[in-house]
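Bear in mind these aren't lab numbers, they're just calculated from the coordinates by the rules spelled out. As the structure is a computational prediction, the values presented were derived from the model and not from experiment. Here the Cβ positions follow ideal geometry from the backbone for every residue, glycine too, while neighbour counts run over all protein chains shown.
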Amino acid sequence: MGNVKTTLCIDEDLWRKFSILVIKLKGYRKKNKVIEQLIREYVEALEENLEEEFRREAEAFAKMKRGLLRKESYKGKFVAIYKGDLIDCDKDLGELAKRVYGKFGYVPIYMDKVVEEEEVLEIPSPEIAR
């Protein structure tokens, strides 16, 4: 992957303090490396947080699945779980996703089909005549 060149608008006093600290701690001309590392750490922390939130939504679905299977209004449909609550359902996953992301934004929302067991698609392999 290549590098991206961008322009940042940063408070002048903050930039001056940052520059002085970087020169003291890392040496002259190291600001780019420090900024890159700060951005990397920030992104990694956010990714971990998003993964944890998504895992919690999946666990919430697993806990409520038995109850959902007992209700005809959910059976065989896709449901969306957000902040531990069922927020919407639809027979079409694409429509459900469009609706919930439109309403809540692009946040960790777990969507799954309410079925007794996972559907397995079996595709027979072709036989070769000899």
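Which distance in nm do the two modelled labels at Glu47 and Ile123 give, with both placed 7 Å along the Cα-to-Cβ direction?
Here the modelled spin labels are 3.0 nm apart.
Mind pulling the angle between the C-alpha long axis of helix 93-104 and the longest principal axis of the chain? Nearest 10 degrees, somewhere in 0 to 90.
40 degrees
Chymotrypsin sites (Phe, Trp or Tyr not before Pro) within the stretch 77-111: which are DSSP loop residues with at most 15 other Cβ atoms inside 10 Å?
Within the stretch 77-111, the qualifying chymotrypsin sites (Phe, Trp or Tyr not before Pro) (loop, at most 15 other Cβ atoms within 10 Å) are Tyr106.
Nearest 10 degrees, 0 to 90: what angle lies between the long axis of helix 31-69 and the longest principal axis of the chain (Cα atoms)?
20 degrees
Mind pulling the angle between the C-alpha long axis of helix 12-26 and the longest principal axis of the chain? Nearest 10 degrees, somewhere in 0 to 90.
The angle comes out near 80 degrees.
How big is the stretch 12-113 in terms of Cα radius of gyration and Dmax, in angstroms?
Cα-based Rg and Dmax for the stretch 12-113 come out at 21.7, 67 Å.
Mind scanning Lys65/Lys98; Lys63/Lys103; Lys63/Lys113; Lys65/Lys113; Lys5/Lys30; Lys75/Lys98 and naming the pairs with a C-alpha gap bigger than 18 Å?
Lys65/Lys98; Lys63/Lys103; Lys75/Lys98
With charges set only on the Cβ (+1 for Lys and Arg, -1 for Asp and Glu), what does the dipole of the chain come to about its Cα centre, in debye to the nearest 20?
Magnitude of the dipole: close to 760 debye.
Each residue of the stretch 72-82 in turn: what ³J(HN,Hα) in whole Hz from Karplus with 6.51, -1.76, 1.60 and θ = phi - 60°, glycine and Pro shown as x?
4, 5, 10, 4, x, 9, 8, 10, 10, 10, 9
Pick from Ala97, Ala58, Ala45 the residue whose mean-square fluctuation is largest in a GNM of the chain, springs joining Cα atoms under 10 Å.
Highest fluctuation of the listed residues: Ala45.
Just to confirm a number: summing +1 for Lys and Arg and -1 for Asp and Glu over residues other than Gly102 whose beta-carbon lies under 14 angstrom from that of Gly102, what do you get? The partial results should precede the final answer.
Working: positive: Lys98, Arg99, Lys103; negative: Asp88, Asp90, Glu95.
Result for the neighbourhood of Gly102: 0.
For the chain, modelled as a GNM with alpha-carbon contacts under 10 angstrom, which of Lys63, Lys71, Lys26 fluctuates the most?
Lys26
Between Tyr106 and Ser19, what's the calculated FRET efficiency when r is the beta-carbon distance and R0 is 25 Å? Round to 0.05.
It comes out at approximately 0.15.
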